[in-house]
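A quick write-up on the structure given underneath.
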Amino acid sequence: MLGSFVSLIIPALVCGLSAFLMGLVWYHPKVLGTRWLEARGKNDRAKMDTPFPFVLTFLLWLVAGFFYIWIAQTFGIDTMGGLFSLSCLLWVAFAMPPTVIGSIYTGYPLEAVAIDSSYQLAGYYMFALIYSLVLMF
């Protein structure tokens with residue numbers, strides 16, 4: 001019982017942390033952060049004055065990582081190709097559509113949606129890479 005718990009929790013923690021850290025790079029002003037703000041019609045990071053967005057983002061990536069690993073283990077997906085396919089499936093079926101639909105109704109700019117949505121896909125790819133490495137050892 002403890003072994004199965006550890007085999008789920010440890011990879012989920014590493015996956016969540018990796019996707020979160022990738023987001024710090026993704027939205028860095030020298031990567032896509034400045035373009036993302038411009039696409040949204042903003043020119044500052046006023047909402048980043050508190051740690052709340054970062055804490056919540058980290059927790060949500062942990063939840064996503066936990067369920068990703070659980071799905072992979074439950075369905076016996078244990079190859080790199082299978083895990084990357086799972087990443088694509090989850091993104092196409094559950095992450096990208098609500099993001100795009102929400103932007104249609106809220107007026108959120110398509111370029112900002114593309115940056116956000118591609119970050120989600122990259123996070124799922126990070127999950128596939130991390131869990132593939134876990135399975136190798």
Check: What single numbered condition from (1) within 21 Å of ILE130 (Cα to Cα); (2) part of a helix (DSSP H, G or I); (3) touching a residue at least 24 places away in the same chain (Cβ under 8 Å) fails to hold for VAL92?
Finding: (3)
Notebook entry, point to check: Among SER103, SER87, which is the only one that is of a type in the set (S, T, N, Q), more than 20 Å from LEU37 (Cα to Cα) and either in contact with a helix residue (DSSP H, G or I) (Cβ under 8 Å, 6 or more places away or on another chain) or outside any helix (DSSP H, G or I) (or both)?
Noted result: SER87
Next item on the list: Among what's in region 62-116 and is surrounded by 14 or more Cβ atoms within 10 Å (Cβ to Cβ), more than 30 Å from VAL6 (Cα to Cα) and among the small types (Gly, Ala, Ser), pick the residue that is nearest to the chain's Cα centre (by Cα).
Entry: ALA114
Notebook entry, point to check: How many residues does region 1-40 hold that are of a type outside the set (A, V, I, L, M), part of a loop (DSSP other than H, G, I, E, B) and surrounded by fewer than 17 Cβ atoms within 10 Å (Cβ to Cβ)?
Noted result: 2
Next item on the list: Please give the number of the condition ILE69 fails out of (1) touching a Pro at 6+ places or on another chain (Cβ under 6 Å); (2) of a type in the set (A, V, I, L, M); (3) more than 16 Å from ILE130 (Cβ to Cβ).
Entry: (3)
Margin query: One residue is enough: does region 110-124 have a residue meeting the conditions aromatic (Phe, Trp, Tyr), in a helix (DSSP H, G or I) and over 21 Å from THR34 (Cα atoms)?
Written below: yes
Next item on the list: Kindly indicate whether any position in region 46-61 is of a type in the set (Ser, Thr, Tyr), out of contact with any strand residue (DSSP E or B) (no Cβ under 8 Å at 6 or more places or on another chain), surrounded by 14 or more Cβ atoms within 10 Å (Cβ to Cβ) and part of a helix (DSSP H, G or I).
Entry: yes
Next item on the list: Working carefully through the options THR34, THR57, THR50, find the one that is among the hydroxyl-bearing types (Ser, Thr, Tyr) and in contact with a helix residue (DSSP H, G or I) (Cβ under 8 Å, 6 or more places away or on another chain).
Entry: THR57
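Only the coordinates and a few stated rules stand behind these numbers; no lab work does. What you see is a predicted model; the values in this text were computed from it and never measured. Note that we place each Cβ from the backbone using ideal geometry, even for glycine, and neighbour counts take in every protein chain shown.
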